[in-house]
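Report on the following structure.
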Amino acid sequence: MYGRIKKIHFVGIGGIGMSGIAEVMLNMGYTVTGSDIRTSKVIERLQDLGAQISIGHKAKNVRGRDVVVYSSIITDKNPEIIEANKLGTPVIPRAEMLSELMRLKHGIAVAGSHGKTTTTSLISSVLDFGGFDPTVVVGGRIQSLGTNAYLGKGSFMVVEADESDGSFLKLSPVIAVITNIDDEHMDHYKDSQQLDYAFSDFINKIPFYGLAVVCGDNKRAMKLLKSYNKRYVTYGLGKDSYYQARDIEFSYLKTSYNLYRENELEGQVHIQLPGIHNALNSLVAFAIGYELGMSFDDINKGLEKFGGIERRIEVKGIVNGITVVDDYGHHPKEI
């Protein structure tokens, strides 16, 4: 965005997706204002960084702003949206602003019904260890950062792509990931076929020099590749996948496995996360790390140092010998 856009207002700024974009733009030097229905630790953090935030949605909040960004839960009946439209102020969804940020970098976008937040964060950890210093916008608080967003100095940007309302199609990544496809957000998509079409459109936005990374264990995701004629790699537990996790072992809340690349052993992987699903998530980080020229050892070390995400199998403490874990799941398969 060139110089005319300086003052940005976020309607629903406390949301996990909105707050990340707002934080990045604050760190880029923009004047950021916002509103939400209640305060929170996220809002307090943004205020500490310099954002002016109002509790409650009021028409006056958008006056004098150059652009208004809204989250997916905000309707056109919101008083701030109504006022911005009256004033002729551009009103855009969060994904469009995220897309603008991504145009400044080489974008890596992670989509899928499950595992997006963890996968995005693992990729970020690996690239950070590799010296890429990526910009990150993710749908969860990364423990090592203390936030869900980070403005890096490097040329890559790693983001979580939200398919819930189809707005992920506004993104134009050079590397796109599909972790899986499952029936979800069917209030937006008419049926399973329409959801699949959206994911197909998503990976077809990748340029000819880019890469699609697709889970080989998910039949619906793999079906997309039948009509896809650009570069891709697959990952999974099955021996048909390009990257494979074999001989998986668990120790308390940690996981180890042998990584195979084209059925050749690369080495043993260690992650500080439990579960087969997290082994799969970490395979994506290997696929992207290798794509960008990193070594097995550096990728593995980047994964080992990853400290987890808030509310993603987060250990809260041990009481009377009982480990208390906080985890977030909003779909039957996740539960």
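Laboratory data are not the source of any read-out in this text; all were calculated from the coordinates shown. Because the structure is a prediction, the values reported are computed rather than measured. Ideal geometry is used to build each Cβ from the backbone, glycine not excepted, and the neighbour counts take in all protein chains shown.
Fewest to most neighbouring Cβ within 10 Å: what's the order for ASP182, ASP162, ASP326, ASP76? Kindly include the intermediate steps, with their values, before the conclusion.
Values: ASP182 17, ASP162 23, ASP326 12, ASP76 9.
Fewest to most other Cβ atoms nearby, the residues stand as ASP76, ASP326, ASP182, ASP162.
Which of the peptides 269-279, 118-128 is most tightly packed, and how do the rest follow, going by the mean number of other Cβ atoms within 10 Å of each residue?
Numbers: 269-279: 18.6, 118-128: 28.0.
For the peptides 269-279, 118-128, the packing ranking is 118-128, 269-279.
Given Cα positions, please report Rg to Rh for segment 105-304, the hydrodynamic radius being the Kirkwood one.
Values: Rg = 15.8 Å, Rh = 16.8 Å.
Using only Cα positions, Rg/Rh for segment 105-304 is 0.94.
In debye, nearest 20: dipole of the chain around its Cα centre with unit charges on the Cβ of K, R (+) and D, E (-)? Mind showing how you got there, number by number?
Values: 37 positive and 39 negative charges, 203 e Å.
In debye, rounded to 20, the chain gives about 980.
Just the number, please: percent antiparallel of the DSSP beta bridges in the chain, rounded to the nearest 5.
On the way: 24 of 62 bridges.
Just about 40 percent of them are antiparallel.
Quick check for me: using +1 on Lys/Arg Cβ and -1 on Asp/Glu Cβ, what's the dipole size of segment 117-261 about its Cα centre, in debye to the nearest 20? Provide the component values of the computation, followed by the final result.
Working: 15 positive and 17 negative charges, 120 e Å.
With Lys and Arg at +1 and Asp and Glu at -1, about 580 debye.
I'd like the Karplus ³J(HN,Hα) series for segment 72-87: coefficients 6.51, -1.76, 1.60, θ = phi - 60°, whole numbers in Hz, and an x wherever there's a Gly or Pro.
5, 8, 7, 9, 6, 8, 5, x, 6, 5, 4, 5, 4, 5, 4, 7
Between THR31, THR147, THR75, which gets the highest mean-square fluctuation from a Gaussian network model of the chain, Cα cutoff 10 Å?
Fluctuation is largest for THR75.
Run the simple label-point estimate for LEU49 and GLU249 please: 7 Å along Cα→C-beta, distance reported in nm.
4.1 nm
Taking the dipole about the Cα centre of the chain, with the C-beta of Lys and Arg at +1 and of Asp and Glu at -1, give me whichever of ASN27, ILE108, THR120 is farthest to the positive side.
Highest projection toward the positive end goes to ASN27.
Which far-off residues, 5 or more places away or on another chain, put their amide H under 5 Å from the one on LYS254, with H placed in the peptide plane?
Residues meeting the amide H criterion: none.
Lys/Arg Cβ at +1, Asp/Glu Cβ at -1, dipole of segment 7-97 taken about the Cα centre: which of GLY50, HIS9, ALA84 is farthest positive-ward?
It is ALA84.
What is the sum of charges around ILE81, taking Lys and Arg as +1, Asp and Glu as -1, for the other residues whose C-beta is under 15 Å from the C-beta of ILE81? Don't skip to the answer; put the middle values down first.
On the way: positive: LYS58, LYS60, ARG63, ARG65, LYS77, LYS86, ARG94; negative: ASP36, ASP76, GLU80, GLU83, GLU96.
Surrounding charge for ILE81 is +2.
Taking the Cα centre of segment 7-97 as origin and charging only Cβ (+1 Lys, Arg; -1 Asp, Glu), how large is the dipole, in debye to the nearest 20? Let's see the in-between values first.
Values: 11 positive and 9 negative charges, 46 e Å.
Here the size comes out at about 220 debye.
Per 0.36 nm of contour for each residue apart, how much would the distance between SER155 and LYS226 grow if the chain were fully extended, relative to their Cα-Cα spacing? Before the final figure, lay out each step's value.
Working: separation 71, 0.36 × 71 = 25.56 nm, distance 3.15 nm.
Full extension from SER155 to LYS226 adds 22.4 nm.
Answer with one residue from TYR252, VAL136, SER200: the one whose Cα lies farthest towards the positive end of the charge dipole of the chain, charges on Cβ with Lys, Arg +1 and Asp, Glu -1.
VAL136
Of the labelled options (i) 61, 55, 38; (ii) 60, 56, 42; (iii) 56, 44, 39, which one gives Cα extents along the principal axes in Å as computed for this structure?
So the calculated entry is the one marked (i).
Among the listed pairs LYS7/LYS60; LYS105/LYS205; LYS239/LYS305; LYS205/LYS230; LYS230/LYS301, give every one whose C-alpha distance is greater than 20 Å.
LYS239/LYS305; LYS230/LYS301
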